[in-house]
């Protein structure tokens with residue numbers, strides 16, 4: 001997502017200021033905990049000063065130790081109970097549920113703050129093993145109170161069906177950082193789409 005965060009602080013802050021950003025997930029694979037902690041120390045404070053929750057990907061204990069607001073865990077990451085123990089009762093825990101209604105209901109029953117469905121579109125961020133349909137978002141949002149997040153290859157150009165299907169949030173990485181007009185322009189455009197424009 002961000003290869004050299006110390007050079008990206010102004011871009012990061014401009015993106016955070018460009019629209020209604022509810023949450024920022026720090027997802028940097030292949031780094032040891034010390035390197036990741038240094039990056040979190042740079043990216044977390046500007047986000048939290050703006051009221052944006054900061055989640056660390058995969059690592060509940062490091063999320064707690066670095067002052068993040070929570071963690072996002074996949075099906076192959078730390079178990080939910082371990083994440084809750086590390087973060088305490090108020091930490092945010094989101095769970096990847098791929099295209100599975102069953103996994104989502106399990107996560108909701110365990111107390112997940114949100115469930116994430118996807119991938120909805122081809123993505124270069126990860127090797128997506130499942131493809132989700134927007135109808136899954138509609139089904140979830142009509143039946144459950146736990147919030148849902150759409151993930152996977154989402155851009156300004158393709159997100160409207162997901163918003164219309166009832167997703168509470170969009171998880172966007174390349175859709176922001178690879179936007180031709182820059183990250184702040186992407187956040188503004190996403191914000192307009194979520195506002196119905």
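The values are calculated or read from the model by the stated rules, or taken from the named source; none is laboratory data. Bear in mind the structure is a predicted one, so any value in this text is a computation, not a measurement. A quick note on method: Cβ atoms are made from the backbone with ideal geometry, for glycine too, and the neighbour counts reach across all protein chains shown.
List of remarks:
- Residue check, residue 128 at pLDDT 95 or above and either crowded, with 16+ Cβ neighbours inside 10 Å or under 21 Å from residue 82 (Cβ atoms) (or both): no
- Filtering the stretch 131-143 to residues that are out of contact with any strand residue (DSSP E or B) (no Cβ under 8 Å at 6 or more places or on another chain) and not in a helix (DSSP H, G or I) leaves 131, 133.
To keep it simple, each residue is scored yes or no on (1) in contact with a strand residue (DSSP E or B) (Cβ under 6 Å, 6 or more places away or on another chain); (2) surrounded by fewer than 16 Cβ atoms within 10 Å (Cβ to Cβ); (3) part of a loop (DSSP other than H, G, I, E, B); (4) at pLDDT below 95.
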| site | (1), (2), (3), (4) |
| --- | --- |
| 3 | no, yes, yes, yes |
| 6 | no, yes, no, yes |
| 11 | no, yes, no, yes |
| 16 | no, no, no, no |
| 25 | yes, no, no, no |
| 29 | no, yes, yes, yes |
| 34 | no, yes, no, no |
| 44 | yes, no, no, no |
| 47 | yes, no, no, no |
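- Residue that is farthest from residue 130 (Cα to Cα), among those in the stretch 72-91 that are in contact with a strand residue (DSSP E or B) (Cβ under 7 Å, 6 or more places away or on another chain) and assigned to a helix (DSSP H, G or I): 87
To keep it simple, each residue is scored yes or no on (1) within 14 Å of the chain's Cα centre (by Cα); (2) within 18 Å of residue 23 (Cβ to Cβ); (3) at pLDDT 95 or above.
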position: 66; (1), (2), (3): no, yes, yes
position: 78; (1), (2), (3): no, no, no
position: 82; (1), (2), (3): no, no, yes
position: 99; (1), (2), (3): no, no, yes
position: 111; (1), (2), (3): no, yes, yes
position: 124; (1), (2), (3): no, no, no
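- Filtering the stretch 70-86 to residues that are surrounded by 20 or more Cβ atoms within 10 Å (Cβ to Cβ) and over 19 Å from residue 30 (Cα atoms) leaves 70, 83.
- Residue 62 at pLDDT 95 or above, assigned to a helix (DSSP H, G or I) and touching a strand residue (DSSP E or B) at 6+ places or on another chain (Cβ under 8 Å): yes
- Output for the stretch 116-130, where each listed residue is part of a loop (DSSP other than H, G, I, E, B) and within 16 Å of residue 149 (Cβ to Cβ): 118, 119, 120, 121, 123, 125, 126, 128, 130
- Filtered residues of the stretch 93-108 (kept if in a strand (DSSP E or B) and farther than 13 Å from residue 81 by Cα): 96, 97, 98
- Condition met for residue 63 (over 22 Å from residue 9 (Cβ atoms) and surrounded by 22 or more Cβ atoms within 10 Å (Cβ to Cβ)): no
- Residue ID - farthest from the chain's Cα centre (by Cα), chosen from residues in the stretch 164-197 that are surrounded by 18 or more Cβ atoms within 10 Å (Cβ to Cβ) and in a loop (DSSP other than H, G, I, E, B): 179
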